[in-house]
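S.K.: Handing you a structure now.
The values are calculated or read from the model by the stated rules, or taken from the named source; none is laboratory data. A quick note: this is a predicted structure, and the numbers were derived from the prediction, not measured. Here the Cβ positions follow ideal geometry from the backbone for every residue, glycine too, while neighbour counts run over all protein chains shown. Surface accessibility is based on the protein's heavy atoms, side chains included, excluding ligands, DNA and RNA. Shrake-Rupley method; radii C 1.70, N 1.55, O 1.52, S 1.80 Å.
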Amino acid sequence: MVKLENSMNMALSDSIINLDHGDPTAYEEYWKKIGDRCTVTIRGWDLMSYFSDVTNLCWFLEPELADAIKELHGVVGNAATEDRHIVVGTGSTQLCQAAVHALASLAGTQPVSVVAAAPYYSTYVEETTYVRSGMYKWEGDAWGFDKSGPYIELVTSPNNPDGTIRETVVNRPDDEEAKVIHDFAYYWPHYTPITRRQDHDIMLFTFSKITGHAGSRIGWALVKDKEVAKKMVEYIVVNSIGVSKESQIRTAKILKVLKETCKSESENFFEYGRDMMKNRWEKLREVVKESDVFTLPKYPEAHCNFFGKSLESYPAFAWLGTKGETDLVSDLRKHKVMTRAGERCGSDKKHVRVSMLSREDVFNAFLERLANMKLTKTIDL
Ligand code: PMP
């Protein structure tokens, strides 16, 4: 029998548990322990100009943030930063749209097809359809994509929602019209082994999923091609005339503290994050094993260059499935657990995406409800 910690407080016992969004509140406890070292003071007359560095292509990028980004990638070893432009965005959500816009506007013919291999991050669908641009067109699952002409493939690795390590699946290396945007939101050592220093044309990162500071709304793109970077900057200027300086300064401070903790035995953030994720995944796997109705993917171990040993993956989302013919999202909803439907990610009713990054009491309450669930057969065959 699974022994779940009875930490579910009264307030949670009957409430709705929302694990649909990947709100990364799990890390609050860590930053509380770090205390005032991350505090930033901003005076009334600070940061008033639109401009940060007029000599830089991305003139609204605070130099302090650019330094912190380069230093962190250097210490972690997950991405090359030399010989490329850093473009800062209001979350990587804005940057993904900026990159699609940039690549599409530089393409010879339009609309440019946009694809991602299923199961994919469902927000890509909204990002590429919402404004009804004539320059690009969402074409769905990359696995079956065989149209000729220009296209953009969105590659998310580790993947949201299913945590797998991904490469392009359309894969037309000699095709000038083939463009790829790599979304590395989760390519950090607490989620997955760092097996190589990524070196692609356009790589997206987000502050939200590294440290959990999603509310700051900061992301960055590492972009090789100057024309693409220029177009991305243009898009952001039209969209929001730059990115909040307060957010950039706070991000720079926290990334610097994070980098310092990497040298510490007792405070290493990635070690803390990895232990927390490992613990949650082990508890979830135990509940799934005992239930005999749910499924979870298995991940191979790999050598992590950051930790210097072979490690497992502990993704930020669980790709939960059922063995029976059941509509899992509505079954979970009956138990007041909100998750993202597999269908929204280009998959099926038997899968849902569950955030693993909630606060501890919410996660434990979820496990308790999952352990007590009986599924109803609802899919018409
Ligand atoms: N890409 C992926 C794969 C994500 O999961 C997320 C956050 N859910 C984002 C991009 C966007 O992150 P943000 O806008 O908070 O930087």
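S.K.: Can you tell me the order of 79-87, 120-128, 184-192 when each peptide is scored by its average per-residue count of other Cβ atoms within 10 angstrom, highest first?
M.R.: 184-192, 120-128, 79-87
S.K.: Report the Cα-based extents of the stretch 47-262 along its three principal axes, largest first, to the nearest Å.
M.R.: 46, 38, 29
S.K.: Compute the whole-percent fraction of alpha carbon pairs in the stretch 214-307 spaced more than 21 Å apart.
M.R.: 61 percent
S.K.: Using a basic spin-label model with each label point 7 Å from the Cα along Cα→Cβ, how many nm lie between ASP225 and ALA80?
M.R.: Output for this residue pair reads 1.7 nm.
S.K.: Select from ASN18, ASN171, ASN364 the residue whose mean-square fluctuation is largest in a Gaussian network model of the chain (Cα-Cα springs shorter than 10 Å).
M.R.: Comparing ASN18, ASN171, ASN364 in the GNM, the peak value goes to ASN171.
S.K.: Please state the shape class of the stretch 78-177: rounded when a/c is under 1.5, otherwise prolate if a/b exceeds b/c and oblate if not, all from the C-alpha gyration tensor.
M.R.: rounded
S.K.: Something else: Give the accessible surface of the stretch 1-151 per residue, rounded to a whole number of Å², with probe radius 1.4 Å and ligands, DNA and RNA excluded.
M.R.: 52 Å²
S.K.: Looking only at ARG37, ARG196, ARG340, which one moves most when the chain is put into a Gaussian network model with springs between Cα atoms under 10 Å?
M.R.: Among ARG37, ARG196, ARG340, the largest mean-square fluctuation in the Gaussian network model of the chain belongs to ARG37.
S.K.: Rounded, prolate or oblate: which one fits the chain, using the alpha carbon gyration tensor with axes a ≥ b ≥ c (rounded when a/c is under 1.5, else prolate when a/b beats b/c, else oblate)?
M.R.: oblate
S.K.: Based solely on C-alpha atoms, express the radius of gyration and the Dmax of the stretch 5-145 in angstrom.
M.R.: In order Rg, Dmax, the Cα atoms of the stretch 5-145 give 20.7, 60 Å.
S.K.: With a 1.4 Å probe and every protein chain kept in, tell me what percent of the accessible surface of the chain is carbon plus sulfur.
M.R.: Carbon-and-sulfur percentage of accessible area, whole number: 49.
S.K.: Still on this structure, please answer the following. Quick one: grab the alpha carbon gyration tensor of the stretch 188-234, order the square roots of its eigenvalues as a ≥ b ≥ c, and give me rounded if a/c is under 1.5, else prolate or oblate depending on whether a/b is larger than b/c.
M.R.: oblate
S.K.: Also, I was wondering about something else. Leaving ligands, DNA and RNA out of it, work out the accessible area of HIS213 with a 1.4 Å probe and give it in Å² to the nearest 10.
M.R.: Ignoring ligands and nucleic acids, HIS213 comes out at about 30 Å².
S.K.: Same structure again: Identify which of VAL352, VAL131, VAL237 has the largest mean-square fluctuation in a Gaussian network model of the chain, with springs joining Cα atoms closer than 10 Å.
M.R.: Its mean-square fluctuation being the largest, the pick is VAL131.
S.K.: Oh, and also: What percent antiparallel are the DSSP beta bridges of the stretch 47-262, to the nearest 5?
M.R.: Antiparallel bridges make up about 40 percent of those DSSP assigns within the stretch 47-262.
S.K.: What percent antiparallel are the DSSP beta bridges of the chain, to the nearest 5?
M.R.: 55 percent
S.K.: Could you grab the relative contact order for the chain? Cα pairs under 8 Å, six or more apart, rounded to a whole percent.
M.R.: Across the chain, relative contact order equals 25 percent.
S.K.: Skipping prolines and chain starts, which residues have an amide H placed within reach, meaning under 5 Å, of the one on ALA79, given they are 5 or more residues away or on another chain?
M.R.: GLN198
S.K.: Next question, about the same structure. Sum -39500 (n - 2.57) across every DSSP H segment of at least 4 residues in the chain, then divide by the residue count to get the 222 nm mean residue ellipticity, nearest 500.
M.R.: Value at 222 nm, helices only: -10000 deg cm²/dmol.
S.K.: Rounded to the nearest 20 debye, what is the charge dipole size of the chain about its Cα centre when +1 sits on each Lys and Arg Cβ and -1 on each Asp and Glu Cβ?
M.R.: 580 debye
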